[in-house]
Amino acid sequence: MDIKEKLSKLPLSPGVYIMKDKFGNIIYIGKAKKLKNRVSQYFINKNHEVKVKTMVSQVADFNYILTNSELDALVLECNLIKKHQPFYNILLKDGKSYPYIKLDLNEDFPKLEVVRQIKKDKAKYFGPYFGINPAEIVKAVNYAYPIRTCDKKIKNNNKMKKGCLNYSLGLCSAPCMCKITKEDYAKYIPHVKDFLYGKDDSVYNIICKKMDQAVEIENFELAIKLRDLKFMLLKLRERAITALPTTSNIDVFGMDKNDNFYVFSILIIRQGKMMGAKCYSFDNVQIDDEQMLISFLTQFYNINKILPDKILLPVSVDLDDALFKSLSEQLGKKMEVIIPSKGINKKLVEQANSNAREYMNKNCELEEKKKKKKIETLNKIKEVLNLKNVPFRIECYDISNISGTSSVCSMVVFLNGSKASKHYRKFKIKNVVGPNDFESLKESITRRLEKLKSDDISFSMTPDLIVIDGGKGQINTCRDLIKSYNQNIDVISLAKKQEEIFVEENPLSVKLSKDSDELKLLQKVRDEAHRFAITFHRKLRKKKQVLSILDEIEGLGKIKKENLIEKFKSVKKMKKASIDDLIQVSGITPKLALEIIKKLQEID
């Protein structure tokens, strides 16, 4: 069925559309209120900008998925973009959420901690913070009010014998040692909350008083620490925007663009204070400004869960978009979305636009130069090694074992000369006995090539170049396998001792200059594969060690052991677990939990 025929059969329903190129690769994913109208626009409208025409010219086919509502389409679109990372969709390079300060009100003695994940619990979250270190704010609170910051489970009948360092420094009231009652501890909490909400100067006043006292007794080291905290709190004070009410919670977005780059900036305002600004850049954008902004906002708020009451935007968008309905649902009231034309809101957007423009001028030109240099290096690698393909996608494999036990193989991926860690994969060697790197490599490459048509974002992409750590023998093993799968993939090996490169159909090795960018890139790829393999191998050995120790506990069967590993992920976390933590795992009784704790102490 050709595209015109598929367009005629599209339904007027909400859903997600998936654009593919002639090789079957997903190049763009979008959502629509009405699939027929939205998808048809790409192919019928002749007035697209050049960049949109470029993307449409690459489309050889499309699929679609119907959803019950536009909100469902929004969620599905976001998940599919994360999974497939299409070339023409914008993708947040920095996928981290902002740091927050969490005050855990679920506990008898609430604690303060810096977190990045917002959970659906009864805790209070303050922030987000950037441009200022939230850990310093927590430290300031501790100097004013001795609120704990530790992870200890505190119970009245479980008194600790020894206090922690914070207790000895006077920064914690030591509820774990029963040094303070629940009622007295609770008196601090309203002051801490008011300070973090920006309503109370008591922390600043206490810091100033303690600083003066430290100077009087000539404790200058403490006085300097308190002075630095005082300046940090003053800086936080100065961020207040006088034209805004102290209750204002606003996210302000700005934008700048040129032929190759888009930059979005965001100003975070909480309780009328400017918490900071951040910029995000994107290149190879092939969609219009409105789509671009909606796509960015969707990904941004998918990561950062605490929402403002108001959003200010730099360009017009469809205010009935599912994104804003979804955000209003999460907020519990209608979110105010404004494209301002005057007043303080307009000035804030202009400030955000100015930040984006400055970032564009300072950073994007440098990024473009770095990108061009990497592409030049890849072209040189093709030339000097006489490869069939420019190695835009490089995969490198490395085997790790000790005397043939716990053998693993790593697969690392570099795209356009840069690490693509989301594409990394690892293999446990299943069918090879003993230390046989040739057979282990053969098994790994075979399993990788068998998955070329899988849904896995990494395995489904064909590499241009495979790099092996070794010599000529490893190349022959790889080459024969690739031919059996009818693939046109270059293979080279890089030997560590002399940094010799072996290529197909060449009996002699190639030696590149030690200072060349080509050799440095190949070394970086090889060393990264080695690091990844060793890390995986160590984790596997540690897991086997734990399972071996757990085998000695009567009543702890295979399923319970696997449940423990699944729950705690690492030996370190399992060793830190309390009896209460362990009995949360299915089948673990208090008696078993006590035995597990005793046995885990035997592991170094």
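The values are calculated or read from the model by the stated rules, or taken from the named source; none is laboratory data. Just so it is clear, the model here is predicted, and its values are computed rather than measured. As a convention, Cβ positions derive from the backbone with ideal geometry for all residues, glycine included, and neighbour counts pool all protein chains shown. To get the accessible areas, we keep the full protein, side chains included, count just its heavy atoms, and leave off ligands, DNA and RNA. Shrake-Rupley method; radii C 1.70, N 1.55, O 1.52, S 1.80 Å.
Any chance region 461-474 includes a residue that's free of Cβ contacts under 8 Å to residues at least 40 places away in the same chain and hydroxyl-bearing (Ser, Thr, Tyr)?
So far as region 461-474 goes, no, none of its residues is free of Cβ contacts under 8 Å to residues at least 40 places away in the same chain and hydroxyl-bearing (Ser, Thr, Tyr).
Quick one: how many residues across region 462-476 are open to solvent by less than 30 Å² (accessible area, probe 1.4 Å), touching a Ser or Thr at 6+ places or on another chain (Cβ under 8 Å) and either at pLDDT 80 or above or part of a helix (DSSP H, G or I) (or both)?
3
Are there any pairs, at least 6 apart or on different chains, whose C-beta atoms fall under 9 Å, with the first in region 476-491 and in contact (Cβ under 8 Å) with a residue 12 or more places away in the chain and the second open to solvent by 60 Å² or more (accessible area, probe 1.4 Å) and in a helix (DSSP H, G or I), and if so, which?
Listed pairs, sorted by first residue: Thr477/Phe438; Thr477/Glu439; Thr477/Lys442; Cys478/Lys442; Leu481/Lys442; Asp490/Lys382.
It is to be established whether one or more residues within region 378-395 are assigned to a helix (DSSP H, G or I), without any contact (Cβ under 8 Å) to a residue 24 or more places away in the chain and charged (D, E, K, R).
Yes, that holds for at least one residue.
Select from region 566-585 the residues that are open to solvent by 30 Å² or more (accessible area, probe 1.4 Å) and under 26 Å from the mean Cα position of the chain (by Cα) and list them in ascending order.
Glu566, Lys567, Lys569, Ser570, Lys572, Lys573, Lys576
Can you tell me which of (1) crowded, with 16+ Cβ neighbours inside 10 Å; (2) in a loop (DSSP other than H, G, I, E, B) is the one Arg448 doesn't meet?
For Arg448, the exception is condition (2).
Just a yes or no: is a residue in region 256-265 more than 26 Å from Tyr100 (Cα to Cα) and open to solvent by less than 30 Å² (accessible area, probe 1.4 Å)?
Among the residues of region 256-265, at least one is more than 26 Å from Tyr100 (Cα to Cα) and open to solvent by less than 30 Å² (accessible area, probe 1.4 Å), which makes the answer yes.
Out of (1) more than 31 Å from the chain's Cα centre (by Cα); (2) at pLDDT 85 or above; (3) acidic (Asp, Glu), what's the single condition that is false for Asp527?
(1)
Specify which of the listed residues (Leu323, Leu244, Leu319) is open to solvent by 60 Å² or more (accessible area, probe 1.4 Å), hydrophobic (A, V, I, L, M, F, W, C) and not in a strand (DSSP E or B).
Only one candidate qualifies: Leu319.
Conditions (1) modelled with pLDDT of 90 or more; (2) within 24 Å of Lys257 (Cα to Cα), marked per residue:
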position: Lys273; (1), (2): no, no
position: Ala277; (1), (2): no, yes
position: Asp283; (1), (2): no, yes
position: Ile287; (1), (2): no, yes
position: Leu293; (1), (2): no, yes
position: Phe300; (1), (2): no, yes
position: Ile311; (1), (2): yes, yes
position: Ser316; (1), (2): no, yes
position: Asp320; (1), (2): no, no
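Going by the structure shown, is Gly272 buried (at least 18 other Cβ atoms within 10 Å of the Cβ) and farther than 30 Å from Lys369 by Cβ?
yes
Of a type outside the set (Val, Ile, Thr), more than 28 Å from His537 (Cα to Cα) and open to solvent by 30 Å² or more (accessible area, probe 1.4 Å), is that true of Asn436?
no
Among the candidates Asn68, Asn79, which residue alone is polar (S, T, N, Q), within 21 Å of Ile457 (Cα to Cα) and without any contact (Cβ under 8 Å) to a residue 60 or more places away in the chain?
Asn79
Answer yes or no as to whether Ile457 is at pLDDT below 80 and either of a type in the set (A, V, I, L, M, F, W, C) or farther than 22 Å from Ser400 by Cα (or both).
It is true that Ile457 is at pLDDT below 80 and either of a type in the set (A, V, I, L, M, F, W, C) or farther than 22 Å from Ser400 by Cα (or both).
Would you point out which residue out of Glu350, Glu368, Glu329, Glu395 is open to solvent by 90 Å² or more (accessible area, probe 1.4 Å), of a type in the set (Asp, Glu), under 29 Å from the mean Cα position of the chain (by Cα) and at negative phi?
Glu329
Which one is surrounded by the most Cβ atoms within 10 Å (Cβ to Cβ), of the residues in region 411-433 that are in a loop (DSSP other than H, G, I, E, B) and among the β-branched types (Val, Ile, Thr)?
My answer is Ile429.
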